[in-house]
Amino acid sequence: MKNIAVFGAGYVGLTSAVIFANSGYNVTLIEISPSRLKKLEDGKSFFYESGVNELLAQALSAKNLSVTNNSEQALKNAEVVFSCVGTPDNPDGSSNLQYVFDVAESVIKQTQDNVIFVQKSTVPVGTGQKIEALFKKHSRKISYASNPEFLREGTAVQDSLWFDRVVVGSNNTTAANLVLDIYRNVEKNKLKLAKLAGVKPKRNTPSLYVKTSRNSAELTKVTANAFLALKISFANSIAKLADAAGADVVEVMDAVGSDRRIGRAFLNAGRGYGGGCFPKDVSGLISSAEDYGVDLPIMTATTDVNESMPGYIANKANNSLGELKDKRVAVLGLAFKAGTSDARKSPGVKLANILDKSGALVKAYDPHASQEAKQDLRSNIIISDSIQDAVKGADAVFVTVDWPEFKTLDFSWLKSKMKGNIFIDAVNAFEADELKSCGIEYIGVGRS
Ligand code: UGA
């Protein structure tokens, strides 16, 4: 098994393609966007992700990877086809599966017999069953495997090399084993690949290879994301109580999370979750459950709490400033989290827009995501090209992403640039005492 085709050069598709290619497979990556394709041909990814460009350059020069928009050519010799295309949300919250079915159609028309179709795109449970029915309708001998992806943006390469688990769900055991073998091979090569990518190896914990039914694998993906989103909204709910009652949510979650049954991860309160996955996957889960006649009020509550957080933080600032109207404010952080240029559904963007709507004069800065955020920012908001420009003369500074350059800010310097002295830590990443000692008033989320 040598020849792999990957559909879609997004975070999942491109990362997977360059990792498979550098693990010894012949990979063809199919990308239909002309601008993304042009960048790939020049050896550059269209997004910022540590290590991906290095692996891309290496795979292209070793000729283990080719990029094309011609699926016919790519699928001719493919033995395994990975679908990594987007499943954006429809206005009603359900997942738009158009691209996924387009890939299935190409596979039906353009592959040889006995190919394995691997679904890596995030799809609602039941999608694989529909695609298998299509294969059958066209009398095609294609095996279907669901292989959900768990990598995080910002640490995509490391997560793909040091994975907690690979899940493969298929009704065909041979196909499932062949897909798992690809990951075993990646795991064998992980140190070499980390070196090529220039990323730090992660702590060595055992990687699990999990075989499930097709439907269970599909449901595992959205359930994992929904549970993480639930943890964040739970922490944010407790943060509101901590604010009201005079407790510190960071202390609470440190203590609560030290119970190994609970765990500390994803209990960081702040401006809430964003990005291309959690908001879409939670609404997709609610919508697909409805299709099966099942209510998930716990997930609706998760969304509601999340939506409330930027406004809650703006309100806290309003109370400290007297009012927001005509105040100069800086928003540091437009990416949906640190380590990425992705600004989709970014909480920092939402907060900047709320501040602008409240009449504040907003300047925003992000080291990597300004361009991507621009289209979602209200037109009055000025995008600064440096921290210094953003904070100059500000009455209040909001930090909405824990980028290293924000975490290592010199607070005396900051105070000297600002007009006022209010610092809103929307990611609970700073110590109040350090700011206080420089004459800055600290406002966290749930840290009264
Ligand atoms: C998430 C999952 O963590 C991945 O396992 C999954 O593969 C991916 O979605 C996907 O479905 O493709 P990602 O969206 O890249 O990964 O980012 P996360 O690190 O999970 O963060 C999501 C959001 O939650 C960010 O806005 C982050 O700032 C926020 N967050 C995270 C919190 O507000 N609090 C926390 O404690 C943790």
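Look at the stretch 393-404 and say how many of its residues are within 25 Å of the chain's Cα centre (by Cα) and exposed (fewer than 15 other Cβ atoms within 10 Å of the Cβ).
Residues flagged as within 25 Å of the chain's Cα centre (by Cα) and exposed (fewer than 15 other Cβ atoms within 10 Å of the Cβ) within the stretch 393-404 amount to 1.
For residues that are without any contact (Cβ under 8 Å) to a residue 40 or more places away in the chain and polar (S, T, N, Q), scanning just the stretch 374-392, find the one that is nearest to residue 355 (Cα to Cα).
Per the criteria, the residue is 380.
All but one of (1) more than 19 Å from residue 236 (Cβ to Cβ); (2) near the ligand (Cβ under 9 Å from one of its atoms); (3) among the acidic types (Asp, Glu) hold for residue 291; state the number of the condition that does not hold.
(2)
Out of the residues in the stretch 98-139 that are within 16 Å of the ligand (Cβ to nearest atom) and of a type outside the set (Val, Ile, Thr), which is nearest to residue 73 (Cα to Cα)?
The extreme case among them is 99.
Please state which of the following conditions residue 281 fails to meet, knowing it meets all the rest: (1) in contact (Cβ under 8 Å) with a residue 40 or more places away in the chain; (2) more than 11 Å from the ligand (Cβ to nearest atom).
Here residue 281 meets the rest and fails (2).
Please find, among 81, 167, the residue that is within 20 Å of the chain's Cα centre (by Cα), among the β-branched types (Val, Ile, Thr) and at pLDDT 95 or above.
167
Hey, any hits in the stretch 402-413 for a residue that's touching a helix residue (DSSP H, G or I) at 6+ places or on another chain (Cβ under 7 Å) and modelled with pLDDT under 95?
no
Scan 3, 22 and give me the residue that is in contact (Cβ under 8 Å) with a residue 60 or more places away in the chain and over 30 Å from residue 403 (Cβ atoms). If you could, list the steps in order and put the result at the bottom.
Values: 22 fails: over 30 Å from residue 403 (Cβ atoms).
Unique residue meeting the criteria: 3.
How many residues are within 16 Å of the ligand (Cβ to nearest atom), out of contact with any strand residue (DSSP E or B) (no Cβ under 7 Å at 6 or more places or on another chain) and over 16 Å from residue 14 (Cβ atoms) when one looks only at the stretch 151-182?
2
Do any residues in the stretch 294-323 that are of a type in the set (S, T, N, Q) and part of a helix (DSSP H, G or I) have Cβ atoms under 7 Å from those of residues that are surrounded by fewer than 17 Cβ atoms within 10 Å (Cβ to Cβ) and modelled with pLDDT of 95 or more, where the two are at least six apart or on different chains, and which pairs are they?
320/441
Of all the residues that make up the stretch 250-278, how many are within 11 Å of the ligand (Cβ to nearest atom), closer than 20 Å to residue 313 by Cβ and without any contact (Cβ under 8 Å) to a residue 40 or more places away in the chain?
Residues that pass the stated criteria total 3.
Can you name the number of the only condition in (1) among the small types (Gly, Ala, Ser); (2) surrounded by 21 or more Cβ atoms within 10 Å (Cβ to Cβ); (3) within 24 Å of the chain's Cα centre (by Cα); (4) more than 13 Å from the ligand (Cβ to nearest atom) that residue 390 fails?
(3)
Counting only residues that are among the charged types (D, E, K, R) and more than 24 Å from the chain's Cα centre (by Cα), which one in the stretch 103-124 is nearest to residue 88 (Cα to Cα)?
That would be 105.
Out of 45, 61, 33, I need the residue that is within 13 Å of residue 14 (Cβ to Cβ) and surrounded by fewer than 18 Cβ atoms within 10 Å (Cβ to Cβ). Which one? Walk me through how you get there before you give the answer.
Values: 45 fails: surrounded by fewer than 18 Cβ atoms within 10 Å (Cβ to Cβ); 61 fails: within 13 Å of residue 14 (Cβ to Cβ).
The unique qualifying residue is 33.
Would you confirm whether any residue within the stretch 333-352 is in a helix (DSSP H, G or I) and either among the aromatic types (Phe, Trp, Tyr) or more than 13 Å from residue 274 (Cα to Cα) (or both)?
Filtering the stretch 333-352 down to residues in a helix (DSSP H, G or I) leaves 347-352.
Adding the requirement that they be either among the aromatic types (Phe, Trp, Tyr) or more than 13 Å from residue 274 (Cα to Cα) (or both) leaves 352.
Yes; the residues of the stretch 333-352 include at least one that is in a helix (DSSP H, G or I) and either among the aromatic types (Phe, Trp, Tyr) or more than 13 Å from residue 274 (Cα to Cα) (or both).
The values are calculated or read from the model by the stated rules, or taken from the named source; none is laboratory data. All values derive from a computational prediction rather than experimental measurement. Positions of Cβ are generated from backbone atoms using ideal geometry, with glycine treated the same way; all protein chains shown enter the neighbour counts.
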